[in-house]
C-alpha cells in the first residue's frame, strides 16, 4: 500500500469554497482503480492549510492510473485553482515492524 501525502495551502478567504469543491472532487478520486481510502484534515495552527492523505494499492495507481485519466482533468478543474503555492505530493510506504 502507498500513502500519498499532500499539504494543501488554500488561498485566503477560499476555505469554504475549497471544502465544497473537495466534497465533489472526492467522488472522482474514490472511483479510481487502485484507490483504497482518503482523508482531508484542516490544520489547527495554520489557517487555510489542509493535509490530504490518500491510500493507494500501488504507486502506479496514483501516478499513472489517476493522474493520466480523463477524470483527473475534472479533479484539476475543481481544485487546482485554490492552491498557493501549488502542493508538493509525496508517497510513503509503511516501515515493517511499525505498529498497525
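Quick notes on this one:
- Any hit, segment 2-9, residues being surrounded by fewer than 14 Cβ atoms within 10 Å (Cβ to Cβ) and on the phi < 0 side of the Ramachandran plot: no
- Some residue of segment 46-56 being modelled with pLDDT of 95 or more, farther than 18 Å from residue 12 by Cβ and more than 12 Å from the chain's Cα centre (by Cα): no
- Listed here are the strands (runs of 3 or more DSSP E) enclosed by segment 23-100 that have at least 2 residues being surrounded by 16 or more Cβ atoms within 10 Å (Cβ to Cβ), touching a residue at least 12 places away in the same chain (Cβ under 8 Å) and in contact with a strand residue (DSSP E or B) (Cβ under 7 Å, 6 or more places away or on another chain): 35-42, 49-56.
The values are calculated or read from the model by the stated rules, or taken from the named source; none is laboratory data. Values in this document were obtained by computation on a predicted structure and should not be read as measured data. All Cβ positions, glycine included, derive from the backbone under ideal geometry; neighbour counts span all protein chains shown.
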